[in-house]
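To keep things clear, I will list the structure first and then write my remarks on it.
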Amino acid sequence: MKTSDKIGKKIRILDAADERQYMIGENYEVYEKQGAPIGAMTFHYHNFYEIIYVLEGEYSSMLETRTYHMKKGDFLLINQNVMHKYHYVEKKHDSSKRIILWVTPKLLAELSGGDMDFCACFQSGSCAYHFPIYYEELLQGYLLRLAMTELVETKQPGAKLVLDRGYLTLFFTYLNILCTKKEYMFAREELVTHPLVELVVSYIDEHMEEKISLDCLAEHVHMSKYHFLRKFKELTGMTVHAFVVNKWLIRACEALREGASVAESWQRTGFSEYTSYLRNFREKFGVSPGKYRELYPEER
């Protein structure tokens with residue numbers, strides 16, 4: 001990770017070639033990313049929230065069944081455990097600059113107060129917004145301050161941490177208020193839906209605890225198996241089998257965080273064998289389901 005001197009302040013820069021999709025910080029990370037990403041070309045997901053704000057140029061992301069084409073000033077809110085990826089558009093994103101914010105549900109719960117739930121903006125019914133210039137610049141200012149590596153006024157690390165919590169509180173207060181306004185949501189012409197992926201997702205959700213075969217999915221979408229496999233990979237960057245397995249793992253994680261036992265979390269998926277579930281879970285998350293349950297107990 002590099003830094004950039006912007007108006008006398010050091011800003012964290014994440015290289016476009018950096019494929020990291022996990023947090024190093026305990027509760028949040030903020031950095032600027034420039035140019036068209038080389039990584040994030042296939043579907044992935046996190047157990048934390050992500051916000052992308054376009055500083056300059058254009059940027060596109062696909063969230064499960066929709067692609068959002070963003071321009072300067074737009075915000076994209078990605079809920080935890082939502083499959084998403086960067087959507088490449090030739091020559092469109094070379095000059096793109098954006099601020100990326102990763103934040104955990106735990107921290108947002110701590111910062112929330114009164115009747116305001118800071119996680120609500122991620123479940124508001126829309127993912128992409130453009131706000132009036134006054135509010136956009138206000139939110140941009142908080143993000144840029146959060147992306148600073150140090151304060152100009154003092155070198156005390158404790159002061160930076162305190163101010164960051166203040167900026168996060170202000171940012172999410174305004175964001176949650178603004179996200180309730182339908183007039184700020186993306187219009188239909190600014191996004192592209194993908195009916196094939198929608199059909200696949202709806203089928204998996206309806207048959208989550210069953211073994212799902214390629215033949216069943218191909219029949220459901222009324223395509224030959226060969227054409228279906230090729231088209232799905234072209235759209236998502238992921239094989240159908242890998243997509244199904246990841247949807248099962250997302251459901252297992254949700255069950256564990258709701259307090260289910262490891263055996264119960266397996267039963268809520270379509271893995272036919274317990275050993276297959278354990279192996280795939282460990283390969284994906286680097287820990288066993290039991291350990292994952294210990295690490296993320298806050299939603300129980």
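Here, each number is a calculation from the coordinates, and none is a lab measurement. Please read all numbers here as calculations on a predicted model, not as lab measurements. We place every Cβ from the backbone using ideal geometry, glycine too, and count neighbours over all the protein chains shown.
Some points to look at:
- Helical contribution to [θ] at 222 nm, DSSP H n ≥ 4, -39,500 (n - 2.57), averaged over the chain, rounded to 500: -12000 deg cm²/dmol
- Think of each Lys and Arg Cβ as +1 and each Asp and Glu Cβ as -1; about the Cα centre, that makes the dipole of the chain roughly 620 debye.
- Spatial separation of Cα centroids for region 170-231 and region 100-130, in angstrom: 22
- Extension reserve of the GLU56-MET41 stretch, reckoned as 0.36 nm per residue once the Cα distance is removed: 3.3 nm
- Extension gain for VAL162-TYR203 works out to 10.1 nm (0.36 nm per residue, less the C-alpha to C-alpha distance).
- Relative pair counts by distance (%), Cα atoms of the chain, 20 Å bins: 31, 58, 11, 0
- Among GLU206, GLU110, the ranking by other beta carbons within 10 Å of each residue's beta carbon, starting with the fewest, stands as GLU206, GLU110.
- Pairs exceeding a 31 Å alpha-carbon distance, out of LYS160/LYS247; LYS247/LYS291; LYS155/LYS181; LYS10/LYS181; LYS85/LYS182: LYS160/LYS247; LYS155/LYS181; LYS10/LYS181.
- Among ASN176, ILE38, GLN267 - extreme Cα towards positive end, dipole of the chain, charges at beta-carbon: ILE38
- The ranking of CYS119, CYS216 by Cβ neighbour count inside 10 Å, starting from the fewest, reads CYS216, CYS119.
- Remark: region 148-300 carries a charge dipole of roughly 360 debye about the Cα centre, counting +1 on each Lys and Arg Cβ and -1 on each Asp and Glu Cβ.
- With the Kirkwood sum run over all distinct C-alpha pairs, region 155-275 has a hydrodynamic radius of 18.1 Å.
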